[in-house]
Amino acid sequence: MSNYLEQVQSLTSSKTSNGVAWGGINPEYAARMRLQNRFLTGLDIARYTASIMRADMQNYDGDTSQYTQSLGCWHGFTAQQMLMAIKRHKHTTNRSYVYLSGWMVAALRSDFGPLPDQSMHEKTAVSGLIEEIYTFLKQADARELRHLFVELDETRAAGGDVDAVLDKIDNFQTHIVPIIADIDAGFGNEEATYLLAKKMIEAGACCIQIENQVSDAKQCGHQDGKVTVPHEDFLAKINAVRYAFIELGVDDGVIVARTDSLGAGLTQKIPVSQEPGDLASQYNAFLKTEPVTDATSLGEGDMVFKQNDELVKPYRLPNGLYAFRDGSGEDRVVLDCVTSLQNGADLLWIETEKPNLDQIAGMVNRIRQVIPNAKLVYNNSPSFNWTLAFREQVYAEWSAAGKDVSAYPDPVEVPRGLMSVEFDSSELATEADKLIQSFQADAAREAGIFHHLITLPTYHETALGTDMLSEGYFGDLGMLAYVRDIQRQEIRRGQASVKHQDLAGSNIGDDHKEYFSGDNALLASGEDNTMNQF
């Protein structure tokens, strides 16, 4: 986009050529409105953010310290506040994304009310949230640019250095960043996946994450009962997403292929092998089976197939699902990941049961023997008890090294004993917290993790903050609970939310009224506006 003065000059020429019809138009005001609305469509956003994400992936390949991060946001406002905070404290939004969690859409955004993470919420709730998030991020742009326009006007009036202000306007960094959007298992067959992917891309998503569970039996990745699909079914959905990107002209669109195989012990379907060693036969090789030597041993409706030149019967549950062999999870993960990367996926997601660096690195190293630049998106999940996991890890390491751990309860004998508050200031807890603090950098360096996200942080942050406010406000603190713990903190931290009218767009609205009505505009930002107290 051209710079501020070029925009003004172009619109001045347009005003002249349009004559009396544009008589009431101020070219500088029109230029400001254009700059405040740089992204006209979701596809503009998707193309822009896809290029950012591709560049970040390339940078990470050259330097693993350049990993990226995101927090899961369930509302446009939470995403807006996150990006405004990042920009205020880091002075850049580089390598910062937004994660859109299907879990939070189900729990917080469905017309059915709170739902479990089982793809029961409305499909369009996902694309609707993407559009909402980008609406709020664009509004953050408009607000900050408006403050720069006011600074420009005041500097001109005072005869100051307008070039410095114009430089800030021309080099303004947008709050628009990539969204990694969760499409669950595609909400149906490959056609359903394609149709929903289009909606998500049109809303602005440059990156879509899809998992290899059965769509109509989808479970949260950290719950039991997960059922995976054969590779051919999953690859068809990856193709569907890629076609959606290509159709809409987002050629750099990113696909994250998620495997839940580590914790999934069941499959709904036994694929048909066309030749020995194909993907179907490799998938079936992981099934729990028993040899069949006599047809009389078969029960009514039993299935039999040939495997390695012998007849075998897969173990089938009463509900008709088939079981995989115990201990085959990691091998299935590796095959899933290699197959996905060889057939259209760009990034991997391995859902794990705990944040164990050695476990993740072990699987990634096997994948990288085939795909050297394989990269992960990793769920730093709130479903993990991070405190307990890392305290137990330090306990085990110290114990193995012969260090005295007698001051601490043995995790085997006292489950969750290390969670006690009495250990919070202990040497063991301090060491565990150091490992938690460096986990993302360590995992980016040692386990190929390009992107670290927390799926549900704003769900828990909202729950905690509301609980603390409610305890104080409806308790002995009364109004002090709000003033001391919220408003005063907002003021001290320089948060825009203190001036909530401005944040919600009141001043932008006043500007527009002045543009449209001139001196007749009825403004809200006069001297009696209580926002002036801040």
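Tell me, which residue of segment 75-108 that is buried (at least 22 other Cβ atoms within 10 Å of the Cβ) and not aliphatic (A, V, I, L, M) is nearest to Ser497 (Cα to Cα)? Write out each step before concluding.
As a first pass, look at segment 75-108 and keep what is buried (at least 22 other Cβ atoms within 10 Å of the Cβ): 79-80, 82-83, 97-106.
Checking which are not aliphatic (A, V, I, L, M) leaves us with 80, 97, 99, 101-103.
Details: Gln80: 11, Tyr97: 21, Tyr99: 22, Ser101: 25, Gly102: 27, Trp103: 27 Å.
Across segment 75-108, the extreme among qualifying residues is Gln80.
At positive phi and modelled with pLDDT under 85: does that describe Gly518? So that I can check it myself, show each step before the final result.
Values: at positive phi: yes; modelled with pLDDT under 85: yes.
Yes.
Has segment 6-15 got at least one residue that is closer than 25 Å to Ile208 by Cα and β-branched (Val, Ile, Thr)?
No, that holds for no residue.
Given the structure, is Glu461 surrounded by 12 or more Cβ atoms within 10 Å (Cβ to Cβ) and among the charged types (D, E, K, R)?
On the way: surrounded by 12 or more Cβ atoms within 10 Å (Cβ to Cβ): yes; among the charged types (D, E, K, R): yes.
So Glu461 fits the description; yes.
Going by the conditions given, is Phe172 over 24 Å from the mean Cα position of the chain (by Cα) and outside any helix (DSSP H, G or I)? Explain how you work it out, then say what you get.
Numbers: over 24 Å from the mean Cα position of the chain (by Cα): yes; outside any helix (DSSP H, G or I): yes.
Here the answer is yes, as Phe172 does meet what is asked.
Identify, from the list Ala401, Ala429, the residue that is more than 30 Å from Trp103 (Cα to Cα), assigned by TED's automatic domain parsing to the domain that holds Ala374 and loosely packed, with under 12 Cβ neighbours inside 10 Å.
Values: Ala429 fails: loosely packed, with under 12 Cβ neighbours inside 10 Å.
Going through Ala401, Ala429 in turn, just one is more than 30 Å from Trp103 (Cα to Cα), assigned by TED's automatic domain parsing to the domain that holds Ala374 and loosely packed, with under 12 Cβ neighbours inside 10 Å: Ala401.
Quick check: is even one residue across segment 377-386 touching a Leu at 6+ places or on another chain (Cβ under 7 Å), within 24 Å of Ala236 (Cα to Cα) and not aromatic (Phe, Trp, Tyr)?
Yes, that holds for at least one residue.
Any idea how many residues of segment 403-435 are within 36 Å of the chain's Cα centre (by Cα) and hydroxyl-bearing (Ser, Thr, Tyr)?
Here the count works out to 4.
Determine which member of the set Gln369, Gln307, Gln342 is more than 30 Å from Ile183 (Cα to Cα) and either at pLDDT below 90 or out of contact with any Pro (no Cβ under 9 Å at 6 or more places or on another chain) (or both).
Gln307
Against the definition (modelled with pLDDT of 95 or more, exposed (fewer than 13 other Cβ atoms within 10 Å of the Cβ) and assigned to a helix (DSSP H, G or I)), how does Ser438 come out, yes or no?
yes
Out of curiosity, is Gln501 in a helix (DSSP H, G or I), at pLDDT below 90 and under 30 Å from the mean Cα position of the chain (by Cα)?
yes
Tell me, which helices (runs of 4 or more DSSP H) lie completely within segment 23-112 with 2 or more residues that are within 16 Å of the chain's Cα centre (by Cα) and under 26 Å from Thr458 (Cβ atoms)?
Answer list for segment 23-112: 42-62, 76-90, 102-108.
I need the full set of residues from segment 156-188 which are at pLDDT 95 or above, under 23 Å from Asp346 (Cβ atoms) and of a type outside the set (Asp, Glu), in order please.
Selection gives Ile176, Val177, Pro178, Ile179, Ile180, Ala181, Ile183.
Just one of Asp442, Asp467 is among the acidic types (Asp, Glu) and within 18 Å of Ser381 (Cβ to Cβ); which is it?
Answer to the selection: Asp442.
Looking at Ile201, is it of a type in the set (Val, Ile, Thr), in contact (Cβ under 8 Å) with a residue 24 or more places away in the chain and crowded, with 22+ Cβ neighbours inside 10 Å?
Yes; evaluated as a whole, the condition is true for this residue.
Among the residues of segment 336-350, are any assigned to a helix (DSSP H, G or I) and among the hydroxyl-bearing types (Ser, Thr, Tyr)?
For segment 336-350, residues assigned to a helix (DSSP H, G or I) and among the hydroxyl-bearing types (Ser, Thr, Tyr): present.
The values are calculated or read from the model by the stated rules, or taken from the named source; none is laboratory data. In this text the structure is predicted, and so the values were computed from the model without any measurement. Cβ sites come from the backbone with ideal geometry, for glycine too, and all protein chains shown count toward neighbours.
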